[in-house]
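Undergrad: One structure follows; several queries about it will come next.
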Amino acid sequence: MKKNANVQYFVEGEDEKKLVNTLKNDLKVITPGKVQIINVIQNIVSDMILMTFKQGTIVVLVFDTDTNNTDTLNKNISKLKKYRNVADVITIPQVKNLEDELKYSCNIRKITELLNSRSVSNFKSDLIHITNLDSKLKEHSFDINRFWSRHPESPYENITNQADMIKINNK
């Protein structure tokens, strides 16, 4: 990806926003860009949002694959690709969700181990409120090469995982 590219991330929730910001700002393992919460599995990207894009914007869609509905996602991809200011649309399916991606890319068996959460239901809140997420990821041997590296199953099998396009090789 070009240096200084105008990148717009769309993520499902506050937890993904926190993680993407940590990956780009603290760990510097993904391309910098603006992060906005829009669940592209459930909601169509509005024309108002499209009008804020600068010429040549690269849109990165990060979404869970734990539902069976791809209709809205496909409509979003199509709409974004047609928009004049969008240079590219990068799809990053999370297999099955953020917690599974973190378990796969960190040295943990249960998601609660990452932040010492009391329960799975507390994990999301803990993730959103933690101030040293980068340290916790490092402590549990987070591997950016394993994160967002798998390919989804049906009905998402036709959506390519393009995460390598935003990953920065720091080695």
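Undergrad: I want to check a number: in the stretch 64-171, how many lysine pairs have alpha carbons closer than 17 Å, given a sequence separation of 8 or more or different chains?
TA: Lysine pair count for the stretch 64-171: 11.
Undergrad: Right, here's the next one. At a 1.4 Å probe, what is the % contribution of carbon and sulfur to the accessible area of the chain?
TA: Here it works out to 45 percent.
Undergrad: Separate question: How much net charge surrounds residue 113 when only other residues with a Cβ under 13 Å from its Cβ are counted (Lys, Arg +1; Asp, Glu -1)?
TA: The answer is +2.
Undergrad: Hey, can you rank 152-159, 97-104 by average C-beta count inside 10 Å, highest first?
TA: 97-104, 152-159
Undergrad: Taking N as the number of residues in the stretch 21-60, what value does Rg over Cα atoms divided by 2.2 N^0.38 Å take?
TA: My calculation over the Cα atoms of the stretch 21-60 gives 1.36.
Undergrad: What does the convex hull of the Cα atoms come to per residue for the stretch 128-171, in Å³?
TA: Roughly 119 Å³ of hull volume per residue.
Undergrad: Place the peptides 40-46, 81-87, 161-167 in order of packing, highest mean first, counting for every residue the other Cβ atoms within 10 Å and averaging per peptide.
TA: 161-167, 40-46, 81-87
Undergrad: I've got another one for you. Before rounding to the nearest 500, sum -39500 (n - 2.57) across all DSSP H runs of length at least 4 in the chain and divide by the residue total; then give [θ] at 222 nm in deg cm²/dmol.
TA: -8000 deg cm²/dmol, from helical runs alone.
Undergrad: With a cut-off of 12 Å, note down the residues of the stretch 108-136 whose backbone N falls inside the zone around a label point 7 Å from the Cα of residue 26 toward its beta carbon.
TA: 115, 127-136
Undergrad: Please list the radius of gyration and Dmax for the stretch 7-81, considering alpha-carbon atoms only, with Å as the unit.
TA: 12.5, 35
Undergrad: Extending each Cα 7 Å along its Cβ direction at residue 74 and residue 51, get the distance between those two points in nm, one decimal.
TA: 3.0
Undergrad: Nearest-5 percent of antiparallel DSSP beta bridges in the chain?
TA: Roughly 5 percent of the DSSP beta bridges within the chain come out antiparallel.
Undergrad: What Rg and what Dmax come out for the chain when only alpha-carbon atoms are used, in angstroms?
TA: When restricted to the Cα atoms of the chain, Rg and Dmax are 15.7, 47 Å.
Undergrad: With the other protein chains left in place, how much accessible area per residue, in square angstrom, belongs to the chain at a 1.4 angstrom probe?
TA: I get 53 Å² per residue for the chain.
Undergrad: Once both axes come from the Cα atoms, what is the angle between helix 120-129 and the longest principal axis of the chain, in degrees from 0 to 90, rounded to 10?
TA: 70
Undergrad: Follow-up. Treating only the Cβ atoms of Lys and Arg (+1) and Asp and Glu (-1) as charged, compute the dipole magnitude of the chain about its Cα centre; round to the nearest 20 debye.
TA: The calculation lands at about 640 debye.
Undergrad: Once you have all Cα-Cα distances for the stretch 76-156, histogram them in 10 Å bins from zero and send the whole-percent values.
TA: For the stretch 76-156, the pair-distance distribution reads 17, 38, 26, 17, 2.
The values are calculated or read from the model by the stated rules, or taken from the named source; none is laboratory data. This one's a predicted model, so the numbers in the text were calculated from it and none came from an experiment. Backbone-built Cβ (ideal geometry, glycine too); neighbour counts: all protein chains shown. Heads up: the accessible areas ignore ligands, DNA and RNA and are worked out on the full protein's heavy atoms, side chains in. Shrake-Rupley method; radii C 1.70, N 1.55, O 1.52, S 1.80 Å.
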